[in-house]
Amino acid sequence: MSDHTGARAAGAGPATGTLEPQTFRVTRADLVRYAGASGDFNPIHWSERIATGVGLPGVIAHGMFTMALVGRAVTTWAGAADAVVDFSVRFARPVPVPDTDEGTEVVVTATVKETGDDGNTRLILTATCNGEKVLSRAQAVIRKR
C-alpha cells in the first residue's frame, strides 16, 4: 500500500466509543504487487477492458487485499497481531481503483460494541471507498493487552 494514515497511541487499547479512523491509499501499483504476492492475476484487477467488459466500474482491488487493509487497522488498534482473536467480513461492493497516481482511499473506522468479562473487546468495523461501504458484517474481537 502506498500510504497509511491514522494510528492509536502506543499502549492504548480500545475502551469505548469510536476509534480513530485509518485511511489507506490504494493504487494500481499496489494491485500489481498484491497479485504477485497472492498469485491472483485475475484481469479484473489490472485490465480496464476486461473489468468493464464484465460489468464492473473499472479495475477493482482484490477483496482479500481490502480485507487485509481492514485487518491492518484492527491490528493497529489492538496493539499487536496476536491480540486479534477473531476477524470477519463480508464483501458488499468492489473498491474501484482509478489509473491515476493518487488511486483511491479506503477509510476504516471502528466502534466498540462491548467489552466482555474476559476483557475481550468486540469491534464493529466499517470500510468505505468514495463514501460507500465496501464491507458488511465486519467485526473483530481483540484481547486486552
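The values are calculated or read from the model by the stated rules, or taken from the named source; none is laboratory data. What you are looking at is a predicted structure, and each value in this text was computed from that prediction instead of being measured. Every residue, glycine as well, gets a Cβ built from its backbone with ideal geometry; the counts of neighbours run over all protein chains shown.
Quick notes on this one:
- Pairs, first more than 26 Å from Ala92 (Cβ to Cβ) in the range 114-127, second among the basic types (Lys, Arg) and part of a loop (DSSP other than H, G, I, E, B), C-beta under 6 Å, six or more apart: Gly119/Lys144
- Applying a threshold of 8 Å to beta carbon distances and a minimum spacing of six or more residues, or different chains, the list of pairs starting in the range 48-77 at a residue that is over 13 Å from Arg93 (Cα atoms) and ending at one that is acidic (Asp, Glu) and crowded, with 18+ Cβ neighbours inside 10 Å reads Phe65/Asp30.
- Among the residues of the range 114-127, not a single one is assigned to a loop (DSSP other than H, G, I, E, B) and within 14 Å of Ala61 (Cα to Cα).
- Screening Leu56 against (1) in contact with a Ser or Thr (Cβ under 7 Å, 6 or more places away or on another chain); (2) at pLDDT 95 or above; (3) aliphatic (A, V, I, L, M) leaves a single unmet condition, (1).
- Top-ranked residue of the range 38-55 - restricted to ones that are among the β-branched types (Val, Ile, Thr) and surrounded by 13 or more Cβ atoms within 10 Å (Cβ to Cβ), ranked as farthest from Pro96 (Cα to Cα): Ile50
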